[in-house]
Each structure stands twice: as structure tokens, then as C-alpha cells.
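Q: I'd like to ask some things about the structure below.
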Amino acid sequence: MRELPEVETIRRALDKESSGKKVKTAEVLGPMSAFPHHPNKKHLAHKLEGAKITGVSRKGLTILVALDTDDVMVVDLASGGSIFKTTPKEPLAKETLLVVAFTQGGQLRFVDASSTATISVVSSDDLMAQYPGLGSLGLDPVETPVSWILFAEMLRGRKAKLKAFLTDQTTLAGLGEVYADEILFTSGLRPDRVASSLTTQEIRRLYRSLVETLHDAIKYRGTALEGDGYADIYGKPGEYQDHLKVHGREKEACRRCRVPIVKVRYGSSFTYLCEQCQV
Ligand SMILES: [Zn+2]
């Protein structure tokens, strides 16, 4: 899954590379299931062609490309979507959903090998009605720096286990399996600890770890896991996978205490932890 650091890495570069550019042509190539708000491909192409991109923002894991037509292009990269800045000469990947060419030259290609990503252009007034999930998102820990006191308030009285707390999009927007595991390891807390059971010192550790892990992951342009095809818009894979401490490291030595990392079933997925370092 693309999580906050990967989506934010893409958003920043996309904003830098496409703001102020005008769409010359939009070639819609993927299956219609990738374009849920459009009756046909022409409908989507017409909404993009001639429009100028005015800025790129993010709500949780959704990328919002603002257009000067008062429409917004809504891109959900889901578990395997990518966006690449290319030239027309480069060979077209067969999983390409959309190619946007600019009047100033250059292209953006939206690619998805996972068949989960979606793209739509909707009126900005309709955005919340068309995407109600965007309205129920919790705090964005990168967009809106949270004070640790407010964070402590969020944990108070919560019966959820810590991993569920961190990955609940209505509490904190943007965290998934990878970063929740990493944050819990760095803060020395078990994923199955109940949120409301934390001491003040543990809350401070969890808070610091949340902020530091996300900023570090963005600094390294996100995590490219085997087979997930993640790269930034220049085609360069992220590098945070080299810095992961527990996620995907089953049976490897803990970087802190050398005891092997364990992988345990957690709901419908897995969680990685060090039984010795996390209490
Ligand atoms: Zn350890």
C-alpha cells in the first residue's frame, strides 16, 4: 500500500513539476474501472484537455490536482499506483492508465500494475459529496503538526490496540502496515497494547516516534517494497526500505538487541515486532 511518505513524496514533486502547466492532450488507456466517475474515456479526456494545473495537494492518501476550470483531478494510488514524469519517446508501460501531455512539452504517466488505483476529474464543489471518505479523515501528522498534548488527548479512553489506533484513518490519516510497525518499534511499544493504557512517558515516546519516523521516511522518499513497484515521479525507487527496523524483517536480528524479529498474525494481516524491545 502507498502510505503517507510515498504519497507525500509524489505530491511534492508533482506540484513542482506540473503547477502552471496546461494540458494539451489526455490519453485515457486503462480499463473503465480505474475511472469510476466517468461514463466513458472521452468524458475524462475532455475535462483535462485545455485545463491548467494550479497546484497539487493531498488529503490523507488521496492526491488532489487543482485545475483552473474549477475541477479537481482526484488520484488514489491505492496499493500499486505510480505517477511518472516522462518524455513522449519513452516506451509505454502496458499498465498505463492515463498519459497527460503538456503544451510546454513533457508528459505525466499514471501507471498501475495492481488494478486498484483510480483517477477522476470532478467539480471542486462536488468533491466532498463524491468522495465522502475525505471528510472523515483524522489528523494528518505531516500536514498539521500535532502537539503531544493533543496527541495524548486522542489516546485517552481509547480501547483500541495501538496498531489499530495508528492505522485508523479517521484518527490519523495516512498510516498503514509499514509505518505503524516501525513507529511502534521505535517507541518500544507492543502493537497489542491498549491505547488508553500508556503512561505519560510512553505517550511522549510514541508521539516523538510518529513524527520522526514519518519525516525520516519522507527524507528517504518513501519505502519501495519488493514487488510493489513504488518509485518517485522521476522513476527512482524510495530508499527507506534500507532503514526499516522491523517491517519485513522476520527472523532477522533486531537492530537494537539482536533477538530475531517475529511476524505475527494481526487481524487480516501481519505485524512485525521485537518481543524483547517492545513492551
Ligand atoms: Zn530488539
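Q: As an exercise: evaluate residue 129 against (1) surrounded by 16 or more Cβ atoms within 10 Å (Cβ to Cβ); (2) under 20 Å from residue 33 (Cα atoms); (3) out of contact with any Lys or Arg (no Cβ under 9 Å at 6 or more places or on another chain); (4) at pLDDT 95 or above and give the number of the one condition it does not meet.
A: Only one criterion in (1) surrounded by 16 or more Cβ atoms within 10 Å (Cβ to Cβ); (2) under 20 Å from residue 33 (Cα atoms); (3) out of contact with any Lys or Arg (no Cβ under 9 Å at 6 or more places or on another chain); (4) at pLDDT 95 or above is unmet by residue 129, namely (1).
Q: Now a separate question. Inside the stretch 243-253, can you point out the residues that are among the aliphatic types (A, V, I, L, M), within 10 Å of the ligand (Cβ to nearest atom) and part of a loop (DSSP other than H, G, I, E, B)? Give the steps one after another, and end with the answer.
A: Step one: of the stretch 243-253, the residues among the aliphatic types (A, V, I, L, M) are 244, 246, 253.
Checking the rest, the ones that are also within 10 Å of the ligand (Cβ to nearest atom) come to 246, 253.
Passing the criteria: only 246.
Q: In the set 221, 256, which member is touching a residue at least 40 places away in the same chain (Cβ under 8 Å), in a loop (DSSP other than H, G, I, E, B) and not polar (S, T, N, Q)?
A: Details: 256 fails: touching a residue at least 40 places away in the same chain (Cβ under 8 Å).
Criteria check complete, one pass: 221.
Conditions (1) crowded, with 19+ Cβ neighbours inside 10 Å; (2) modelled with pLDDT of 95 or more; (3) assigned to a loop (DSSP other than H, G, I, E, B), marked per residue:
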{"site": "181", "(1), (2), (3)": "yes, yes, no"}
{"site": "203", "(1), (2), (3)": "yes, yes, no"}
{"site": "236", "(1), (2), (3)": "no, yes, yes"}
{"site": "265", "(1), (2), (3)": "no, no, no"}
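The values are calculated or read from the model by the stated rules, or taken from the named source; none is laboratory data. Because the structure is predicted, anything quoted here is derived from the model rather than measured. Because the Cβ atoms are built from the backbone with ideal geometry, glycine has one as well, and the counts that use them run over all protein chains shown.
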